[in-house]
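Chemist: Dropping a structure here in structure tokens format, bear with me for questions.
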Amino acid sequence: MADFCIPEGNLPSRAKIVDLTMLVLYGGKVRSLAEYRELLVGRVTRVAPVPGELSVIEALPAGFSSAATRHNEAFPFHNGIQSAPSPRITG
């Protein structure tokens with residue numbers, strides 16, 4: 001999924017404005033990376049920042065094998081476009 005992730009700490013971020021807007025207009029919220037990890041119960045495999053303030057969060061469906069993650073590492077091209085390397089999340 002591609003979404004804002006609220007940064008930790010008290011740094012300014014557009015994600016915090018989006019969070020307030022979601023709260024006021026829709027009763028929703030923007031999550032932090034820690035909240036995504038808790039929501040997805042350890043299924044987050046990687047997070048890739050993209051230009052701007054969005055992040056692409058890759059997570060496995062419940063009951064899905066980690067073999068797909070190994071497949072993506074072995075074959076980083078999709079439709080002729082190379083995937084951008086991203087930091088691994090441990091834990």
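Chemist: Under 8 Å by Cβ, and 6 or more places apart or on different chains, what pairs join a residue from the stretch 19-45 that is farther than 11 Å from Phe4 by Cβ with one that is surrounded by fewer than 16 Cβ atoms within 10 Å (Cβ to Cβ) and at pLDDT 85 or above?
Modeler: Within 8 Å, the pairs are Leu23/Lys29; Gly28/Met22.
Chemist: List the number of the failed condition for Ala15; all other conditions in (1) part of a helix (DSSP H, G or I); (2) within 14 Å of Asp3 (Cα to Cα); (3) at pLDDT below 85 hold.
Modeler: Every listed condition holds for Ala15 apart from (3).
Chemist: Mind checking which residues of the stretch 33-62 are in a strand (DSSP E or B) and either more than 8 Å from the chain's Cα centre (by Cα) or not polar (S, T, N, Q) (or both)?
Modeler: Selection gives Val44, Thr45, Arg46, Val47, Ala48, Pro49, Leu54, Val56, Ile57, Glu58, Ala59.
Chemist: Can you pull out the residues in the stretch 38-55 that are surrounded by 14 or more Cβ atoms within 10 Å (Cβ to Cβ), closer than 21 Å to Val18 by Cα and out of contact with any Cys (no Cβ under 9 Å at 6 or more places or on another chain)?
Modeler: Ala48
The values are calculated or read from the model by the stated rules, or taken from the named source; none is laboratory data. Here the structure is a predicted model, which is why all the values come from computation and not from measurement. We place every Cβ from the backbone using ideal geometry, glycine too, and count neighbours over all the protein chains shown.
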